[in-house]
1. Count the net charge of all other residues whose Cβ sits under 14 Å from the Cβ of Y112, scoring Lys and Arg as +1 and Asp and Glu as -1.
2. Can you give me the long-range amide H partners of L128? Hydrogens built in the peptide plane at 1.01 Å from N, cutoff under 5 Å, separation of 5 or more residues or another chain.
3. Note the full-extension length gain between T124 and D77 as 0.36 nm times their separation in residues minus their Cα-Cα distance, in nm to one decimal.
4. Along the principal axes of its C-alpha atoms, what lengths does region 32-176 span, in descending order and rounded to whole Å?
5. In whole Hz and in residue order, list the ³J(HN,Hα) couplings for region 93-103 that follow from phi through the Karplus curve 6.51 cos²θ - 1.76 cosθ + 1.60, θ = phi - 60°; x for Gly and Pro.
6. Starting at the first residue of region 118-125, write each ³J(HN,Hα) from the Karplus equation 6.51 cos²θ - 1.76 cosθ + 1.60 with θ = phi - 60°, in whole Hz, x for Gly and Pro.
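A short reminder: the numbers here are calculations on the coordinates, not readings from a lab. Just so we're clear, the structure is a prediction, and the values are computed from it rather than from any experiment. Reconstructed Cβ throughout: ideal geometry from the backbone, glycine too, with neighbour counts over all protein chains shown.
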Amino acid sequence: MSGKAVRWLWLAGLVAAMACGCGYRVAGKADLLPKNIKTIAIPPFGNATTRHRLSERLSAALTREFISRTRYQIVADPEQADAVLTGSVLRYSAYPVLYDQATGRASGVQVYVGLDLTLRERATGAVLFNRSNWEIRERYEISVDPSAYLEESDLAMARLSSYVARTVVAAILENF
C-alpha cells in the first residue's frame, strides 16, 4: 500500500471516529431527572443561621437559575409541582483571608454555607436528589479604600446566592 493510501485510510478512520463521538459531553448540559418532571416548586428554605435573609436569597436565586438554565417551569404551590426542592441553611460563616498591607483592613473574605437539600418527586415521594451537610465555599474581594467603601455585604450575599444556585442546579441536573 502506498504512503498516500495509508494517509487516506488514517484520515478516513479519524473522521469516522469523530463522527461516532467519544462519549464526552459539555458540563452543565446533562439532565438526568425523570422525563415526567416538568414543574418544580422551591419553597423558602429553613435558616438555622443568624444571617438575615440568606435562605430567601438562596430560594430566589435557585428559582432564577432553574428558569434561565433549564426546561422546568417553576411553580409557587408545591401541590401543583411534579417535584419539590426543599432545603435548609445549616451554617454560614465568613472570615477574612486577605489583608491590605498598607491599611491592615481585610480585602478578601472566604464564605462557607452549609446546606441540606432534597428534591423529591411529589406524586411518589421518591428522592431524586439529596445532599446533606453540603458545604459550598466562595471568596469575594472587598474595598480597602475608605473613600470608595460602601456596604458590600448585600452584594456579596447576592453573588454568593447566585454561585450556590449555579452549583446546586448543576449538581441536580448531572446527579453529581
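1. That sum, taken over residues with Cβ under 14 Å, equals +2.
2. The answer is L119, R120, E121.
3. Net length gain for the segment: 15.2 nm.
4. Extents along the principal axes, in whole Å: 59, 25, 25.
5. With the stated coefficients, region 93-103 comes to 8, 9, 8, x, 10, 10, 10, 7, 5, 6, 9 Hz.
6. Computed from phi, the couplings for region 118-125 are 9, 10, 10, 6, 5, 5, 9, x Hz.
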